[in-house]
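See structure below.
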Amino acid sequence: MMRPSEPSQVQSTPKKGRVGLFRRAASWLFSPRHFHFKLLSGTAAGVLVIVLLAGIFLYVTLRNHQQEVVRSHTIDVIRLSSLIENDIASLESGHRGFLLTGDQNYLAPFDQRRDLIRRRLEDLTSLILNNPKQRKRMMKVQEAVQKWLNTVAFPEIRARQSKPGETTFSPNENGSGSASTTLGNSVLDQAREHLQSLQDEEQIVLNQRMVEQEWASQSTQILDFLPKLERAVLEMEKEKRGYLLTGQASFGEAYRRAATDFYTYNGYLSILVANSPSQAELLANIRANVERWISSSAMPAIEAKRTGKDVAHLLATDSGETLMADIQQMLTTFEKNELSVYEMRTAAASRERILKTSVLGALALFAVALLVVSNSYSFVLVRRQLSKLQGAETHIRSIIENILDAMITIDANGMICSINPAAERMFGYSGNELVGHKFSKLVPKSYGNEPDAKAVPCA
């Protein structure tokens, strides 16, 4: 029959087994067996952890460098394409200035701008050599600009030069057809579209390659452009009312500048939200409503005021106020959505940074702890080995000094390294008087012809 205490004894057996295993492991660790292997293993483990940490930091550094290279490349491409768009606008401005006035001073800047466009197109092409799709766009831009120069600009300039005395000049007088009638806008608009497509694609690629914390930076840019977009809409409405009240041309110019600013900021925002279909759709609706307001409210009222018609009746039946209220509401919704996205992505980026920092810190502490343990373990092993060697040496010295037989140790050169008390009494020397001398000093002269030498250190 089993006693009541037996179950507890059975249950405690695994614990004893585990304790015994730990003791055996500790005994092996601090035993002299495989001493060099254990010493090198501890050091190697610490070195490996340090190498791992160095590799992680190197990876993070290289990744950040790669992101910076992508960002820098995109900025260069967008900047150059924007400069080319400005150059095209300046080229058109110089061309139209010469057609209006016939002043030869417009031609030199025109030629300089044309040469600058060519150089910048070459620079931009060199930046996108690894992207066949973008290279194709650049070829189309070059073709469009050259086509405009050959079919519109140069023929009209020659036609204007042939009539230097005239104060006015109509582009359709040179007989170049409809393209000349519109001053080649459709041709250059194609170039602008290709440049804008190039910028859009570069920005989208940049957004896709950036990590989560980069989205926080992108949302910051969106939140920076949104007030400017809203301000442009308000300025358009304000300047329109100012023109309707006074009829002054300065208000019309301010209205056109505000409209230009609206389309500029809308274009930037459309690039930044390209990866968010809902926000992109909302932004497109904002632009559509603004264009509807311009075509159905702003432009008819401005045209009526310019031609001297009564705008009171037109304003009474105008739906512009309702459209503007809808636009303001959509802008508010867009901003709320982007604020929510910004807060969410900022929080995610912060959590990721904290996690990465914590992991790297833990690994660093682990590496330091491992090195400390490894060095401590090596120190303990070395101390144990040295104490054992010292004990063995003391034991051997005790035996040598207390035996009755004479004992002398010499090195390979015959130098006396040690001599026990029995040998000193036998040869009549005391202390370490013979240490460092040749053994031949103890041999009678008749048996050896080597002269006694002075004491030298034992090899």
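The values are calculated or read from the model by the stated rules, or taken from the named source; none is laboratory data. Treat the numbers as computed from the prediction; the structure is a model and nothing was measured. Neighbour counts are summed over all protein chains in view; Cβ atoms, including those assigned to glycine, are modelled from backbone coordinates with ideal geometry.
List the pairs whose first member sits in segment 141-155 and is of a type in the set (Gly, Ala, Ser), whose second member is in a helix (DSSP H, G or I) and crowded, with 23+ Cβ neighbours inside 10 Å, and whose Cβ atoms are under 6 Å apart, counting only residues at least 6 apart or on separate chains?
Taking only residues 6 or more apart or on different chains, the pairs are Ala144/Ala191; Ala153/His95.
Regarding segment 276-294, can at least one residue be identified that is in a helix (DSSP H, G or I), touching a Phe, Trp or Tyr at 6+ places or on another chain (Cβ under 6 Å) and free of Cβ contacts under 8 Å to residues at least 40 places away in the same chain? Before you say what the answer is, go through the steps one by one.
Initially, segment 276-294 is screened for residues in a helix (DSSP H, G or I), giving 277-294.
Imposing the further condition that a residue be touching a Phe, Trp or Tyr at 6+ places or on another chain (Cβ under 6 Å) reduces the set to 282.
From what's left, free of Cβ contacts under 8 Å to residues at least 40 places away in the same chain: none.
Within segment 276-294, not a single residue is in a helix (DSSP H, G or I), touching a Phe, Trp or Tyr at 6+ places or on another chain (Cβ under 6 Å) and free of Cβ contacts under 8 Å to residues at least 40 places away in the same chain.
Going through Leu99, Leu149, Leu116 one at a time, which residue ends up being assigned to a helix (DSSP H, G or I), more than 14 Å from Leu198 (Cβ to Cβ) and modelled with pLDDT under 90? Talk me through it step by step, then tell me what you get.
Values: Leu149 fails: modelled with pLDDT under 90; Leu116 fails: modelled with pLDDT under 90.
Answer to the selection: Leu99.
Taking the criterion of being in a helix (DSSP H, G or I) and modelled with pLDDT under 75, would at least one residue in segment 447-454 satisfy it? So that I can check it myself, show each step before the final result.
The first filter runs over segment 447-454 and keeps only residues in a helix (DSSP H, G or I), leaving 447.
From what is left, the residues that are modelled with pLDDT under 75 are 447.
Yes, segment 447-454 contains at least one residue that is in a helix (DSSP H, G or I) and modelled with pLDDT under 75.
Regarding segment 354-376, can at least one residue be identified that is more than 30 Å from Gln221 (Cβ to Cβ), at pLDDT below 85 and basic (Lys, Arg)?
no
So which residues in segment 255-306 are polar (S, T, N, Q) and either surrounded by fewer than 20 Cβ atoms within 10 Å (Cβ to Cβ) or farther than 20 Å from Thr322 by Cα (or both)?
Keep residues of segment 255-306 that are polar (S, T, N, Q), which gives 260, 264, 266, 270, 275-276, 278-279, 285, 289, 295-297.
Correct list: Thr260, Thr264, Asn266, Ser270, Asn275, Ser276, Ser278, Gln279, Asn285, Asn289, Ser295, Ser296.
Which number in (1) modelled with pLDDT of 75 or more; (2) part of a helix (DSSP H, G or I) marks the one condition that Phe379 misses?
(1)
Give the residues of segment 382-438 that are touching a Leu at 6+ places or on another chain (Cβ under 7 Å) and either in a helix (DSSP H, G or I) or exposed (fewer than 10 other Cβ atoms within 10 Å of the Cβ) (or both), sorted by residue number. Break it down stepwise before answering.
To start, the set of residues in segment 382-438 that are touching a Leu at 6+ places or on another chain (Cβ under 7 Å) comprises 416, 419, 422, 427.
If the condition is that a residue be touching a Leu at 6+ places or on another chain (Cβ under 7 Å) and either in a helix (DSSP H, G or I) or exposed (fewer than 10 other Cβ atoms within 10 Å of the Cβ) (or both), then Ala422, Phe427 are the ones that fit.
Yes or no: Leu206 touching a helix residue (DSSP H, G or I) at 6+ places or on another chain (Cβ under 8 Å), at pLDDT below 75, under 30 Å from Ala347 (Cα atoms) and of a type in the set (A, V, I, L, M, F, W, C)?
Details: touching a helix residue (DSSP H, G or I) at 6+ places or on another chain (Cβ under 8 Å): yes; at pLDDT below 75: yes; under 30 Å from Ala347 (Cα atoms): yes; of a type in the set (A, V, I, L, M, F, W, C): yes.
Yes: the conditions hold for Leu206.
For segment 53-88: of the residues being small (Gly, Ala, Ser) and surrounded by 13 or more Cβ atoms within 10 Å (Cβ to Cβ), which is modelled with the highest pLDDT?
If we filter segment 53-88 for residues that are small (Gly, Ala, Ser), which is where we start, we get 54-55, 72, 81-82.
From what is left, the residues that are surrounded by 13 or more Cβ atoms within 10 Å (Cβ to Cβ) are 81-82.
Details: Ser81: 86, Ser82: 75.
My answer is Ser81.
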